[in-house]
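Below: one structure, written as structure tokens.
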């Protein structure tokens with residue numbers, strides 16, 4: 001066990017969901033798919049300092065010296081799995097469980113309750129999920145100081161900027177989508193901006209005039225009418241009345 005993390009260690013267990021059914025569907029191709037899954041996971045975990053402790057069938061057991069590295073590794077691994085072009089009927093969905101503890105180090109392996117707990121956390125997940133124990137969560141949790149305005153807040157009345165955020169973070173890869181009215185699906189989804197500074201504070205955008213809307217529309221590449229549609233709650237004039245007057 002020389003060179004492996006000691007003291008406080010974060011364990012990661014992974015397992016392919018529905019591997020038996022997957023093997024039956026793919027038959028002779030299953031070995032190739034399993035090997036590609038292993039390559040993707042090993043690359044992601046090695047990039048963040050992970051140590052491979054054991055592998056059996058389609059499961060892995062890794063150890064990390066830092067909880068943040070373990071979390072970064074599983075996120076990268078899930079993205080790699082989601083982005084890979086698997087053969088038809090051969091998508092690999094992997095559940096991952098993390099736990100942090102202070103295990104005993106034997107001649108051949110880690111021992112102790114923490115190892116078993118990490119394995120059990122992984123076992124209750126679904127393919128594509130990453131589950132963390134409270135011990136791991138507490139280590140990576142940042143003490144946030146700042147503001148977190150979301151589209152629709154008084155400081156950010158334009159909901160269409162969600163589309164910009166979704167493109168930047170590729171949100172649809174994790175199953176979160178926008179409707180035509182820029183509502184998020186599933187309904188429990190949250191989208192916003194983080195300003196991590198102790199002096200950051202919330203503010204409200206006051207009512208805006210026609211010239212401000214025209215300027216905003218030009219910068220967004222919109223027509224004025226489209227800008228008025230999305231900014232209706234903060235307009236300081238009657239856009240419909242102006243449209244009627246222009247049509248007369």
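Some values worked out for this structure:
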quantity: Ratio Rg/Rh, restricted to the stretch 146-248 and using Cα atoms, in which Rh is the Kirkwood radius; calculated: 1.03
quantity: At R0 = 25 Å, FRET efficiency that the Cβ-Cβ distance of residue 137 and residue 36 yields, to 0.05; calculated: 0.25
quantity: Residues residue 163 and residue 65, FRET efficiency given R0 of 35 Å [Cβ-Cβ distance, rounded to 0.05]; calculated: 0.35
quantity: Prolate/oblate/rounded call for the stretch 60-147, Cα gyration tensor, a/c under 1.5 rounded; calculated: oblate
quantity: Distance between modelled label sites at residue 183 and residue 244, nm, 7 Å Cα→Cβ extension; calculated: 2.9 nm
quantity: Spin-label pair residue 75/residue 237, simplified geometry with 7 Å Cα→Cβ offset, distance in nm; calculated: 4.5 nm
quantity: Net length gained if the chain between residue 55 and residue 25 were fully extended (0.36 nm per residue, minus Cα distance); calculated: 8.5 nm
quantity: Packing-based order for 70-78, 3-11, using average beta carbon neighbours within 10 Å, highest first; calculated: 70-78, 3-11
quantity: FRET efficiency for residue 124 and residue 173, using Cβ-Cβ distance with R0 set to 22 Å, rounded to 0.05; calculated: 0.40
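Coordinate-derived values only; no laboratory data. What you are looking at is a predicted structure, and each value in this text was computed from that prediction instead of being measured. Reconstructed Cβ throughout: ideal geometry from the backbone, glycine too, with neighbour counts over all protein chains shown.
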